[in-house]
Amino acid sequence: MHLTHIRLLVTTFAECFRFYRDALGFKVRWGEEDGGYADFLAGNGAILALFDRRAMAEAVGTADLPQEAASQDRVALIIAADNLEASVARLREYGATIVTDPQDRPDWGIRTAHLRDPDGNLIELYVPLPEQT
């Protein structure tokens, strides 16, 4: 496995999009100001992603919690896995808290699983979905 990018979970997506694009000058790799998700080239091969916090909360089952609560995630580590199911099984053995079991997310183009590290930080493991022909 390897870390692919850092994702900030934001409540003001359009404003954050413009800040990272315009103020910091990061080049948009994918996404649009009104899209709810974007990847930026942040220099030296680093990728910074923005994602609407409400959408992430829905994906991991915390949408019923207050958006500004300390329990709402603000950052997620995104990690590409070679084999999603095997990785989840191995991490479960290490005591990781599994938040969502592996599931296809066709709108995202990936299959994901979400878990928390020992400190409660949100981690997303993913593999690309096979291309539909």
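None of the figures in this text is laboratory data; all of them are computed from the coordinates on show. Quick caveat, the model's predicted, so the values are computed rather than measured. Positions of Cβ are generated from backbone atoms using ideal geometry, with glycine treated the same way; all protein chains shown enter the neighbour counts.
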Item to check | Spatial separation of Cα centroids for segment 102-127 and segment 20-77, in angstrom | outcome: 14
Item to check | Low-density loop positions, GluC sites (Glu not before Pro), segment 1-82 - DSSP coil, at most 12 other Cβ in 10 Å | outcome: Glu32, Glu68
Checklist entry - In square nanometres, what is one fourth of the surface area of the convex hull spanned by the alpha carbons of the chain? => result 8.9
Checklist entry - Say each of His2 and Ala63 gets a label point 7 Å from the Cα, pointing the same way as Cα to Cβ; how far apart are those two points in nm? => result 3.5
Checklist entry - Among the GluC sites (Glu not before Pro) within segment 69-133, which fall in a DSSP loop and have no more than 11 other Cβ atoms within 10 Å of their own Cβ? => result Glu131
Item to check | Expected 222 nm ellipticity per residue - DSSP helices of 4 or more, -39500 (n - 2.57), all of the chain, to 500 | outcome: -5000 deg cm²/dmol
Checklist entry - What number comes out for the charge environment of Leu77, summing +1 per Lys or Arg and -1 per Asp or Glu over other residues with Cβ under 9 Å away? => result -1
Checklist entry - Which value in nm describes the separation of the simple spin-label points at Thr97 and Arg18, placed 7 Å from the Cα toward the beta carbon? => result 3.7
Checklist entry - Amide H to amide H under 5 Å from Ile110: which residues, 5+ apart in sequence or cross-chain, H placed 1.01 Å off N in plane? => result Arg105, Leu129
